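Some notes on the structure that comes next.
The values are calculated or read from the model by the stated rules, or taken from the named source; none is laboratory data. Model, not experiment: these values are computed from the prediction. Positions of Cβ are backbone-derived with ideal geometry, glycine not excepted, and every protein chain shown enters the neighbour counts.
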């Protein structure tokens, strides 16, 4: 399924079924565009009512063409569209791009028609893009099987950006944002209902185009996570960043997406984890893509996040300082000699620590800027530079500022972002080749994004050893009982609480002696995965006689409930400092995910949880735990020691390995609580429930 | 202190000390501007080296002027500036606008000079704006005592907006954003170091200008909260929204602000509460001001938040649905007859529920838009309308869309926001008089803002009854002991736990009988406000003999610690469902604040707290509790009942009344825990500590 779709982006011949003479009609646009943008293959308009269309010979039918075209654009709609697709498949067309709407997005009937049409095509070896799509466009080859209005409104220019979008409208919005910044766009592909070809297919294809340097995606549903992950890995190997907007984040959005492209819902925090795991940056919206694009294309891949701010406005310094804290771009501490040198050049009332406020004195002396910048270029404390000129104009030598800043950027060899609210000033900086934003929020937001994204991309996912397949005890029941669950975890090196599964009261009393008091006593039965709801858990038992009573009572209770007796579990009561939880499950789309976070009875109410996608290492768990609300408690607060995050991370890593190794045989695992002590005291899995998967 | 500063915004005469012939110098700009913008009073350039400046007669000194000017602009710097201010004060000038930097923002010495200069001026009855300011500008009167470069770069136009800013640079940024949207700006005042005149003074003054319809503030520190509050109340009575950017939110920002304008730090969450309390909207940055300004000026004050979305792009519908959920603008349920009517007009594959996706069919039929909109205008479920046209151009009749939308907006009589990414489309809608944004995020963000702000402004703060002054028990110690603290709270109607302060063991045993078991036993001593640190708290005591032992042990312990014995408090142990906390303190700038939230030992670690500014009512407490992370627990979760939020709110209201009534005699109160039960079961203050204030 991961062929590079050359037939989609560089076909040798294209037919348009439903071609129109009018270039503002859907059937007319693609022909106009291909002629205008130099498509070098054959173009075959198909329209039984005309002999010529836009100066090209028009054919009455597909059968009448002098050759079988590689790509066919199906403009006709309804039953005619289905018939055209079938005919294309029968004649050996490589790919049909189906613009017609009224398929999967309209409900079950439309889905059935769409599915059947796609199955027939695939059986014949033909791919389908769409239906309900605006089509595909490659300005490198001129293959514009696309009716986008924006290719008239905003002059196309071939360049390093590829846009792949489920939505035609959003592909245009992103195209427009790029072109508005003067950035060239080579690919603009919309996949619509994704009956066959998905965003992942087209992303995989454009990532193989040697001219592409940045891939921008819009998705409402991740239909093929395996191929998208492979694409991300491949793009990463070529240092191509992928930025994705994944809409339908909310219930309302998912409902709207379902009527838009028939998209299926994804769980949003799993989407987050998936993108992070594969080094894809998730942008909030197309605007955020527009803001960061130039930074990516300039090759910004900063190694650090320490920021230096220079402005002629004190307020801009203040706002940049606020943002630096918010965005985790700490203000760099400048070397003493840098500070002294800066102080020597600026008036006494200017601020010479970072942020550096040149003040309105710049109005009286346009040289201040060029005096100060070179002093900063080589400061070892800086990773990123931000220069903000919110105010200038008459009386200021703006051209000189731009020249000075450009010289500085090339001397520093590190990212330099400019902000200028006034278009006239911004234009001067842009003309000098600098990456320029409207204000501090845009500039620092983009810098934080590329810094975080570069860190994700650098995280070369080592070739994780494939663990040998994990096997579960034989059985058909949905859940393992607790004893089986704990045994499975222990077998995979996870720290379960010391315990003994007892078949008799005598055995239980012996366990009490061996384990030490107090103990917890729990009845095991595959039939009753949720023991405590049935009063089958007793805690804090220290006396042998009481233990015996409880043993018998629990056994009778099982009988009364008609549940199999599989032993009574006696476990050492474990005290610790906090109850955490670790869970794992198979997401229906993305596969195994691991959840780690605060435990206790409100785990689902407070949801103070991090979600990770295996494989991952302990460092990744530690990092995600730092985002929890209870992070200060884990770090030690109110005189309490730091907790054993290391041990918790090891449990999460082990759970991630186990669910992967189970190859679908585990549907979910719930370890709650995992009791952790102070750092060095370890973790203990006190309760566990493993659910079998279908595999 | 709350005079309207007519002398600042409409002086009859202005002198410029340090006037310059060069209109691009600081001393030349104001003269250029006043001449250009029709100042009708007298302009007196003062410069001993010239007899004429920019065509006006120049004077060698203040003494040489034919009259004492009302406003003097002091351009000279350093000692000369101080001397000029002193001379102005001596001669009876009403206000000196001091542009010179190098005062309070540079450190202690500068602060001392600034303070002394200001005191001399005030003693003589003269006000000072600045120092370290860009000055004041009123395009209504032409009194432009201001050197802003932007008044050259962007043509001024008198209008309904007033900008008041500590920072000159930021005043220009906001001015530029307004003018860039074609909005007229009357006032642009910068207050700099605020030695005397603050943002509040200028806000108060511009709020009295009958032409002003919107006030925009930039602050780094709230220097005069009393006047700012009065201004907000007055502006509210005139239906003038005030929107404020308060920078220096973070520690880094506060440090930068201190070197910028010498601004003192405010606690940021208190700033939030203050603005909310007084109906001032806190904007994130100037950009957010720019985005919402037209909506305010159109008079949007929506009563509800139910949103209808219409677009020709399905993806825009999806993204708007996501945002509607995020911003709390629920998608309106359209009436069945509305939906049926919409369905009858659109193609079968279009979505006729809200959001309404007209689809790319609009390209083939530009009338669809005008067909559908009128059907929505009178739907009773809608409060707000959002129309998004991310894509159009050749083949679309954009002018017709704009006409149809304008007709719809006037028929609906409710806010209608347009989004159009392409400038050509946006321009058409703007020309038709519609409020137009670049994308869904901007449009819905602005709609959510005006809806929330309107709700704050509507909350007419009733004339809260002034409670009679609360008195504390006599004493000089910083803290009341627990018995005194509980008594004070009980006297003010607050539900304290049943208890008895016992002087003897016998009395304690009697209390045990009366209160019922178990009890808590705590030693009271003004000398030891934090009892538990000293082992002076025993919990769960049920037996008289044990109580007697504890009584004697605690008494001896007090003696051993050299602390006064003020009785042993015996209190009924109270069980409930959750430990909450209520606190109050006097903020050094803003006065009384009340904190309510989750209690327990991690109260300061997890900070799941809401901050309110008294006076407030129970409804306001309930609303702020809905923002807590534990809100689902308060509402009832996992089969647990809802908790008694009503009783907790009553405690918070009572605490707010008490700290106000104490008129500074209470510095802080800490009620932790306040145990609450299920709804209807009430709240009990179990532990309380009251700290005396300086009043």
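Output the number of residues of the range B:342-359 satisfying the condition of being at pLDDT below 90 and more than 7 Å from chain A (Cβ to nearest Cβ). Result for the range B:342-359: 10.
Are any of the residues in the range B:430-439 more than 14 Å from chain A (Cβ to nearest Cβ), part of a helix (DSSP H, G or I) and within 30 Å of residue B:311 (Cα to Cα)? Yes, the range B:430-439 contains at least one residue that is more than 14 Å from chain A (Cβ to nearest Cβ), part of a helix (DSSP H, G or I) and within 30 Å of residue B:311 (Cα to Cα). Of the set (1) more than 24 Å from residue B:351 (Cα to Cα); (2) within 12 Å of another protein chain (Cβ to nearest Cβ), all apply to residue A:285 but (1).
Given (1) modelled with pLDDT of 95 or more; (2) within 13 Å of chain B (Cβ to nearest Cβ), where does residue A:275 come up short, assuming only one miss? If we test residue A:275 against (1) modelled with pLDDT of 95 or more; (2) within 13 Å of chain B (Cβ to nearest Cβ), just (2) comes out false.
Select from the range B:655-667 the residues that are outside any loop (DSSP other than H, G, I, E, B) and either crowded, with 19+ Cβ neighbours inside 10 Å or without any contact (Cβ under 8 Å) to a residue 12 or more places away in the chain (or both) and list them in ascending order. B:655, B:656, B:657, B:658, B:659, B:660, B:666, listed by residue number. Going residue by residue through the range A:184-199, is there one that turns out to be touching a residue at least 60 places away in the same chain (Cβ under 8 Å), away from chain B (no Cβ under 14 Å) and over 22 Å from residue A:34 (Cβ atoms)? Among the residues of the range A:184-199, at least one is touching a residue at least 60 places away in the same chain (Cβ under 8 Å), away from chain B (no Cβ under 14 Å) and over 22 Å from residue A:34 (Cβ atoms), which makes the answer yes. Between B:110, B:78, B:55, the distinction of being more than 14 Å from chain A (Cβ to nearest Cβ) and either out of contact with any helix residue (DSSP H, G or I) (no Cβ under 7 Å at 6 or more places or on another chain) or crowded, with 18+ Cβ neighbours inside 10 Å (or both) belongs to B:55 only. Considering only residues of the range B:598-616 that are closer than 15 Å to residue B:582 by Cβ and in contact with a helix residue (DSSP H, G or I) (Cβ under 7 Å, 6 or more places away or on another chain), which is nearest to the other protein chains (Cβ to nearest Cβ)? So the residue we want is B:598. In this structure, does residue B:416 turn out to be under 20 Å from residue B:287 (Cα atoms), crowded, with 20+ Cβ neighbours inside 10 Å and more than 12 Å from chain A (Cβ to nearest Cβ)? It is false that residue B:416 is under 20 Å from residue B:287 (Cα atoms), crowded, with 20+ Cβ neighbours inside 10 Å and more than 12 Å from chain A (Cβ to nearest Cβ). In the range A:81-107, the residue that is nearest to residue A:126 (Cα to Cα) out of those that are within 14 Å of chain B (Cβ to nearest Cβ) and in a helix (DSSP H, G or I) is A:81. Would the range B:478-489 turn up any residue that is touching a residue at least 24 places away in the same chain (Cβ under 8 Å), surrounded by 19 or more Cβ atoms within 10 Å (Cβ to Cβ), within 41 Å of the chain's Cα centre (by Cα) and in a loop (DSSP other than H, G, I, E, B)? For the range B:478-489, residues touching a residue at least 24 places away in the same chain (Cβ under 8 Å), surrounded by 19 or more Cβ atoms within 10 Å (Cβ to Cβ), within 41 Å of the chain's Cα centre (by Cα) and in a loop (DSSP other than H, G, I, E, B): present.
The residue that is farthest from residue A:219 (Cα to Cα), among those in the range A:156-183 that are within 12 Å of another protein chain (Cβ to nearest Cβ) and within 19 Å of the chain's Cα centre (by Cα), is A:174.
Among the residues of the range A:22-38, those identified as more than 14 Å from chain B (Cβ to nearest Cβ) and buried (at least 22 other Cβ atoms within 10 Å of the Cβ) are A:31, A:34.
Among the numbered conditions (1) crowded, with 17+ Cβ neighbours inside 10 Å; (2) in contact with a helix residue (DSSP H, G or I) (Cβ under 9 Å, 6 or more places away or on another chain), the only one that residue A:515 does not meet is (2).
Got a number for residues in the range A:579-596 being part of a strand (DSSP E or B) and touching a helix residue (DSSP H, G or I) at 6+ places or on another chain (Cβ under 7 Å)? Give the derivation first.
Residues of the range A:579-596 part of a strand (DSSP E or B): A:579-587, A:591-596.
Right, trim to touching a helix residue (DSSP H, G or I) at 6+ places or on another chain (Cβ under 7 Å) and you get A:580-582, A:584, A:587, A:592-594, A:596.
The number of residues fulfilling the criteria is 9.
Within the range B:119-138, if we keep just the residues that are without any contact (Cβ under 8 Å) to a residue 60 or more places away in the chain and out of contact with any helix residue (DSSP H, G or I) (no Cβ under 7 Å at 6 or more places or on another chain), the residue that is farthest from the other protein chains (Cβ to nearest Cβ) turns out to be B:125.
Residues checked against (1) surrounded by fewer than 19 Cβ atoms within 10 Å (Cβ to Cβ); (2) over 38 Å from the mean Cα position of the chain (by Cα); (3) not in a loop (DSSP other than H, G, I, E, B):
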{"site": "B:353", "(1), (2), (3)": "yes, no, no"}
{"site": "B:363", "(1), (2), (3)": "no, yes, yes"}
{"site": "B:366", "(1), (2), (3)": "yes, yes, no"}
{"site": "B:382", "(1), (2), (3)": "no, no, no"}
{"site": "B:386", "(1), (2), (3)": "no, no, yes"}
{"site": "B:396", "(1), (2), (3)": "no, yes, no"}
{"site": "B:402", "(1), (2), (3)": "no, no, yes"}
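Restricting the range A:291-328 to residues that are crowded, with 24+ Cβ neighbours inside 10 Å and part of a loop (DSSP other than H, G, I, E, B), the residue that is nearest to the other protein chains (Cβ to nearest Cβ) is A:313. Evaluating residue A:331 against the criteria (1) buried (at least 24 other Cβ atoms within 10 Å of the Cβ); (2) at the interface with chain B (Cβ under 8 Å from one of its Cβ atoms) leaves one unmet condition, (1).
Among all residues of the range A:463-470, there is none that is under 25 Å from residue A:281 (Cβ atoms), under 26 Å from the mean Cα position of the chain (by Cα) and within 14 Å of chain B (Cβ to nearest Cβ). What do you reckon, is residue A:244 at pLDDT 95 or above, away from chain B (no Cβ under 14 Å), crowded, with 20+ Cβ neighbours inside 10 Å and assigned to a strand (DSSP E or B)? It is false that residue A:244 is at pLDDT 95 or above, away from chain B (no Cβ under 14 Å), crowded, with 20+ Cβ neighbours inside 10 Å and assigned to a strand (DSSP E or B).
Restricting attention to the range A:259-270, and to residues there that are over 12 Å from residue A:194 (Cβ atoms) and touching a residue at least 60 places away in the same chain (Cβ under 8 Å), which single residue is nearest to the other protein chains (Cβ to nearest Cβ)?
A:259
Of the residues A:450, A:521, which single one is buried (at least 16 other Cβ atoms within 10 Å of the Cβ), within 43 Å of the chain's Cα centre (by Cα) and outside any loop (DSSP other than H, G, I, E, B)?
Working: A:521 fails: within 43 Å of the chain's Cα centre (by Cα).
Within the list A:450, A:521, the selection yields A:450.
With respect to being in a helix (DSSP H, G or I), modelled with pLDDT of 95 or more and within 29 Å of residue A:113 (Cβ to Cβ), residue A:196 falls outside the description. Only residues that are touching a strand residue (DSSP E or B) at 6+ places or on another chain (Cβ under 7 Å) and closer than 14 Å to residue B:386 by Cα were counted across the range B:280-304, and they come to 2.
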